[in-house]
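Asker: Once you've had a glance at the structure underneath, I'll fire off some questions.
Bear in mind these aren't lab numbers, they're just calculated from the coordinates by the rules spelled out. As the structure is a computational prediction, the values presented were derived from the model and not from experiment. Cβ sites come from the backbone with ideal geometry, for glycine too, and all protein chains shown count toward neighbours.
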Amino acid sequence: MVPDYGKTFALWRAGAGDAWRDYTHHAFVEGLGDGTLPRAAFLHYLIQDYVFLIHFARAWSLAVVKSETLEEMRICAGTVDALVNHEMSLHVTTCATEGIDEATLFAASEAVENLAYTRYVMDAGVQGDFLDLMAALAPCVMGYGEIGLRLAGSKARDTPYAAWIATYADPGYQAVCANVGAMIDNAVARRIGDLSQSPRAETLRGRFGKATKLEVGFWQMGLNGA
């Protein structure tokens, strides 16, 4: 079952076509679910994802600047808090058990796939408006929520990666997805009205689709690190 993260997300998700399934059902994701993912691949991904989240938090900070309402500012600022003070702690804790400290994580060199994705998102925000930035940010936020729920509901949830799965299936993270989705719906209504009738619809759908494909590349980068 597809979670309800808002009307706009549903349109963008459908518009991404096969790329969305390639992302949410990537071999890396399936390996998390059934426990077959090599530990080396998971650690390589975690290190890169820690660096990714630093840039992702900066992009959400830019969304505060691009906001037009106090509610948008609150949700975007709250997302920055969730990323910096909560989600990144999973990476720190897991890597610490493998002898990798936070200073090492922060200083890690970015993989090409990481550079491509994070700079694409930042470019969307710098060159575009709030909606351009949301279209580039949404695949990560909502995609992880969808993946977490699916894997948590599977019979293979008792894997070495159960803590990762639980992080994104958690009601708190699901609330973030729902709140961001509602904010995007309200932002679309406020700025352009009916998205399906707007000349910007194709551009925004394209941004979402490109970010989704970059997510696929990020998973593959992790898998290649095994």
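Asker: Could you work out the relative contact order of the chain, using alpha carbon pairs under 8 angstrom and six or more residues apart, expressed as a whole percent?
Answerer: 41
Asker: Run the helix sum for the chain: -39,500 (n - 2.57) per DSSP H stretch of 4+ residues, divided by residue count, reported at 222 nm to the nearest 500 deg cm²/dmol.
Answerer: Value at 222 nm, helices only: -24500 deg cm²/dmol.
Asker: May I pose another question? For S89 and A14 in one chain, what is 0.36 nm times their gap in residues minus the Cα-Cα distance, to one decimal in nm?
Answerer: Working it through step by step, the gained length comes to 23.8 nm.
Asker: What is the Å³ per residue value for the convex hull set by the Cα atoms of the stretch 13-60?
Answerer: Residue-normalised Cα hull volume stands at 90 Å³.
Asker: Exposure proxy check: Y120, Y144 ranked by fewest other beta carbons within 10 Å?
Answerer: If I rank by nearby Cβ atoms, fewest first, I get Y120, Y144.
Asker: Which residues in the stretch 32-56 place their backbone N less than 18 Å from a point set 7 Å from the Cα of A166 along the Cα-to-Cβ direction?
Answerer: Only 32-35 pass the distance filter.
Asker: What's the angle, to the nearest 10 degrees (0 to 90), between helix 201-224's Cα axis and the longest principal axis of the chain?
Answerer: That works out to roughly 10 degrees.
Asker: Neighbouring Cβ atoms within 10 Å as the yardstick, rank D123, D101, D18 fewest first. Write down the numbers at each step before the final one.
Answerer: Numbers: D123 14, D101 11, D18 8.
If I rank by nearby Cβ atoms, fewest first, I get D18, D101, D123.
Asker: Sticking with this structure for a sec: Spelling out what I want: for every residue of the stretch 76-93, take phi, set θ = phi - 60°, compute 6.51 cos²θ - 1.76 cosθ + 1.60 (Karplus), and round to whole Hz; glycine and proline get x.
Answerer: Calculated HN-Hα couplings, in order: 5, 5, x, 5, 4, 4, 4, 5, 6, 9, 10, 4, 5, 5, 4, 5, 4, 5 Hz.
Asker: Quick check on the exposure proxy: order R39, R207 from fewest to most C-beta atoms within 10 angstrom.
Answerer: Details: R39 11, R207 24.
Final ranking by Cβ density, sparse to dense: R39, R207.
Asker: Could you let me know the centre-to-centre spacing of the stretch 157-226 and the stretch 21-47, using Cα atoms, in angstrom?
Answerer: Here the answer is 18 Å between Cα centres.
Asker: Here's something else I'd like to know. Among the aspartates and glutamates, which have Cα under 20 Å from the Cα of K66 when same-chain residues fewer than 8 positions away are ignored?
Answerer: Output for K66: D81, D123, D129, D132, D185.
Asker: Using +1 at the C-beta of Lys and Arg and -1 at the C-beta of Asp and Glu, which of T203, G222, V51 has the Cα lying farthest in the positive direction of the dipole of the stretch 7-224?
Answerer: Going by the charge dipole, the pick is T203.
Asker: Shifting gears a bit: Can you compute the charge dipole magnitude of the chain about its Cα centre, using +1 on each Lys and Arg Cβ and -1 on each Asp and Glu Cβ, nothing else charged? Give it in debye, rounded to the nearest 20.
Answerer: The dipole magnitude comes to about 440 debye.
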